[in-house]
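J.: This structure is in structure tokens; I'll ask about it shortly.
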Amino acid sequence: MAESLPRHAWLETPGVPCPPDPAAAQHPLRVVLLGAPGVGKGTQAEMFTARRRVCQLSTGDVFRAAKAADPCNRTPALEEALGYMQRGELVPDETVIAIVKERVGCLRCDGGFLLDGFPRTVAQADVLDQILTREGIRLDAVLNFDLPIERIVARLAGRRTCPGCKAVYHVEARPPAREGLCDQCGAALVQREDDRPEAVRVRMEVYAASTAPLIDYYARKGLLVSVTAEGTPEEIYARAEAALAARA
Ligand code: AP5
């Protein structure tokens, strides 16, 4: 697994820019990653980051970073957000939108961005549209990863994540070199609380009701690029890059 980007402006200190990465600014990519929970968006984001030096802006990672931080530093809104997340429900739009607005500098990044997990509702997509229009930023595409639900549930059951650098593994499909330990930073891997079967069921229902309508939303805007999420992460990545190249 290749080196990740620091992401502190996204995860911890909005407003404090990350160090410039000259390699990233040469071919910036500005993309939204769409797809059901567990389809592999985070895995693909890691691959794009490693190869294109483009930053993964995951709203789920912001909440998980807040959870790992000192509880005294959590605002009541963040505390409430963690409860929604644990149950597999969506965090209210106003909380998520406030979090993204605080981090608007990440959308201006010369290296571009991969929005992962945002937007998740039509209301969030409308706000993103307004922000991008106001900032004069154009999306290159919305990559929609598609896979039957049974396959996705198997991916979630075997997922392990690194609480330190947020790298994502799978016990069978993408195991770490040393069992239970992160390849990048050596931390002990954990299973996410919302990967419990009851939370997974809620997440799938919420996805169908609130997020799947974004497929039509972005198709109407001419931005949707559908990618079959069958096969290995490498195969899916190659498919995604080919689909983006075909649009360029
Ligand atoms: P978030 O963190 O965004 O989670 P998610 O969308 O549920 O997506 P996941 O991270 O679960 O899955 P993924 O698609 O990234 O898959 P991964 O690459 O890990 O959100 C979590 C929660 O935060 C939400 O439920 C909500 O409460 C809240 N939230 C966040 N954003 C919000 C918003 N905008 N509005 C409201 N609430 C919000 O892959 C999964 C597993 O499969 C891994 O083990 C991986 O190794 C494996 N895998 C990947 N690719 C393959 C492959 N090709 N073959 C075999 N295995 C594979």
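The values are calculated or read from the model by the stated rules, or taken from the named source; none is laboratory data. None of these values were measured; they are calculated from a predicted model. We place every Cβ from the backbone using ideal geometry, glycine too, and count neighbours over all the protein chains shown. Keep in mind that these areas ignore ligands, DNA and RNA; they rest on the heavy atoms of the full protein, side chains included. Shrake-Rupley method; radii C 1.70, N 1.55, O 1.52, S 1.80 Å.
J.: Which of the strands (runs of 3 or more DSSP E) found entirely inside region 112-173 contain at least 3 residues meeting this: in contact (Cβ under 8 Å) with a residue 24 or more places away in the chain?
T.: In region 112-173, 112-116, 141-146, 159-161 are the strands (runs of 3 or more DSSP E) which contain 3 or more residues that are in contact (Cβ under 8 Å) with a residue 24 or more places away in the chain.
J.: For ARG30, are the conditions met, namely being open to solvent by 10 Å² or more (accessible area, probe 1.4 Å), among the basic types (Lys, Arg), away from the ligand (no atom under 14 Å from the Cβ) and in contact with a strand residue (DSSP E or B) (Cβ under 7 Å, 6 or more places away or on another chain)?
T.: Against the criterion (open to solvent by 10 Å² or more (accessible area, probe 1.4 Å), among the basic types (Lys, Arg), away from the ligand (no atom under 14 Å from the Cβ) and in contact with a strand residue (DSSP E or B) (Cβ under 7 Å, 6 or more places away or on another chain)), ARG30 qualifies.
J.: Return a yes/no flag: does region 163-176 have any residue that is over 17 Å from the mean Cα position of the chain (by Cα), more than 8 Å from the ligand (Cβ to nearest atom) and either buried (at least 16 other Cβ atoms within 10 Å of the Cβ) or under 24 Å from CYS55 (Cα atoms) (or both).
T.: Checked region 163-176: at least one residue is over 17 Å from the mean Cα position of the chain (by Cα), more than 8 Å from the ligand (Cβ to nearest atom) and either buried (at least 16 other Cβ atoms within 10 Å of the Cβ) or under 24 Å from CYS55 (Cα atoms) (or both).
J.: Within 14 Å of the ligand (Cβ to nearest atom), surrounded by 14 or more Cβ atoms within 10 Å (Cβ to Cβ) and of a type outside the set (Ser, Thr, Tyr), is that true of ILE131?
T.: yes
J.: Still on this structure, please answer the following. Which one of the conditions (1) within 28 Å of PRO28 (Cα to Cα); (2) within 11 Å of the ligand (Cβ to nearest atom); (3) not small (Gly, Ala, Ser) does LYS67 fail to meet, given that it meets all the rest?
T.: (1)
J.: Oh, and also: Could you say whether any residue in region 186-208 is of a type in the set (A, V, I, L, M), farther than 26 Å from LEU29 by Cβ, over 19 Å from the mean Cα position of the chain (by Cα) and open to solvent by less than 50 Å² (accessible area, probe 1.4 Å)?
T.: The answer is yes; a qualifying residue exists.
J.: Could you count how many residues in region 218-240 are out of contact with any strand residue (DSSP E or B) (no Cβ under 8 Å at 6 or more places or on another chain), in a helix (DSSP H, G or I) and surrounded by fewer than 18 Cβ atoms within 10 Å (Cβ to Cβ)?
T.: Result for region 218-240: 5.
J.: Further, regarding this structure: Among the listed residues LEU244, LEU156, LEU181, identify the single one that is more than 12 Å from the ligand (Cβ to nearest atom) and either open to solvent by 30 Å² or more (accessible area, probe 1.4 Å) or at pLDDT below 95 (or both).
T.: Within the list LEU244, LEU156, LEU181, the selection yields LEU181.
Condition check ((1) of a type outside the set (A, V, I, L, M); (2) at positive phi; (3) in contact with a helix residue (DSSP H, G or I) (Cβ under 6 Å, 6 or more places away or on another chain)) across all residues:
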{"position": "ALA167", "(1), (2), (3)": "no, no, no"}
{"position": "GLU179", "(1), (2), (3)": "yes, no, no"}
{"position": "GLY186", "(1), (2), (3)": "yes, yes, no"}
{"position": "ARG192", "(1), (2), (3)": "yes, no, no"}
{"position": "ASP195", "(1), (2), (3)": "yes, no, yes"}
{"position": "TYR207", "(1), (2), (3)": "yes, no, no"}
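J.: Identify all residues within region 142-153 that are buried (at least 20 other Cβ atoms within 10 Å of the Cβ) and away from the ligand (no atom under 12 Å from the Cβ); write none if there are none.
T.: Matches in region 142-153: VAL142 only.
J.: Further question on the same structure: Just need a number here: residues in region 88-109 that are assigned to a loop (DSSP other than H, G, I, E, B) and either without any contact (Cβ under 8 Å) to a residue 12 or more places away in the chain or within 27 Å of PRO197 (Cβ to Cβ) (or both).
T.: Count: 5.
J.: Going through region 33-57 one residue at a time, which ones are surrounded by fewer than 21 Cβ atoms within 10 Å (Cβ to Cβ) and among the small types (Gly, Ala, Ser)?
T.: Hit for region 33-57 is ALA50, nothing else.
J.: Follow-up. What do you reckon, is MET85 within 7 Å of the ligand (Cβ to nearest atom) and assigned to a helix (DSSP H, G or I)?
T.: yes
J.: May I pose another question? Out of the residues in region 39-55 that are within 17 Å of LEU244 (Cα to Cα) and either of a type in the set (S, T, N, Q) or assigned to a loop (DSSP other than H, G, I, E, B) (or both), state the one that is nearest to the ligand (Cβ to nearest atom).
T.: Selected residue: GLN44.
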